[in-house]
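One structure is given below, encoded as structure tokens.
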Amino acid sequence: MKKLLEIQSSVRQENSISRTLSNQFVQTWKTAHPDIQHIIRDVGIDPPAHPTELWTKANYTAPEARTPEMIAALAHSEQLIAELLGADYLLLGVPMYNFSIPSNLKAYLDNVVRVGRTFAFDKETLTFEGLATGKKALAILPSASDYSPGTPMAQMDFCKPYLRAVLGFVCIEEVTVVSVPN
């Protein structure tokens, strides 16, 4: 069974354009794909913890050498990564906050973009390889202004380029972005 992981990052539960549009997409998607398993990760309402010194140390320690405290520090990150790697499709509801993504989504991404889990690093060649292969992503990005190319605000859009870069880094290269200026 195919899985759709919906990641919501708006802190608003009511009057959220990204939530409304995501919900409309999911309802239409489920009609067309009734066998899809839909998982919601709401980092807007329940954000993951930011990485800490212990988290970082644990992340760079070989799994077999991690202490119980290190394992506990990475437990939620591991859960988030399992959801991500288990999904076939991603739907990201991402309102633009101050020209970029919400900080709670950044905390989520900091938890899932991890060496040895969603990307590999070759110390000999100093190269990276994404490990989250075979996924497609749709990002719905409402904003208070028009950031389209050629508009006066275009240079202030750090949301789309960042999302494309970070998703591409872990090898989610088929990313569709729907900008919704309002």
| query | Does residue 139 count as more than 19 Å from residue 10 (Cβ to Cβ) and either within 14 Å of the chain's Cα centre (by Cα) or crowded, with 17+ Cβ neighbours inside 10 Å (or both)? | reply | no
| said: With touching a residue at least 12 places away in the same chain (Cβ under 8 Å), under 26 Å from residue 131 (Cα atoms) and of a type outside the set (Gly, Ala, Ser) as the only criterion, which of 84, 21 stands out? | reply: 84
| If you scan the stretch 57-91, which residues turn out to be within 29 Å of residue 30 (Cα to Cα), in contact with a Leu (Cβ under 7 Å, 6 or more places away or on another chain) and of a type in the set (A, V, I, L, M)? | 84, 87, 90, 91
| said: Here is a list: 96, 153. Which entry is free of Cβ contacts under 8 Å to residues at least 24 places away in the same chain and farther than 30 Å from residue 57 by Cβ? | reply: 153
| Is one or more of the residues making up the stretch 144-156 in contact with an Asp or Glu (Cβ under 7 Å, 6 or more places away or on another chain), more than 18 Å from residue 44 (Cβ to Cβ) and buried (at least 20 other Cβ atoms within 10 Å of the Cβ)? | yes
| Can you spot a residue in the stretch 104-111 that is of a type in the set (S, T, N, Q) and touching a residue at least 40 places away in the same chain (Cβ under 8 Å)? | yes
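Where a number appears in this text, it was derived from the coordinates with a stated rule and is not lab data. Being a predicted model, the structure only gives us computed values, none of them experimental. Heads up, the Cβs are rebuilt from the backbone with ideal geometry, glycines too, and the neighbour counts pull from every protein chain shown.
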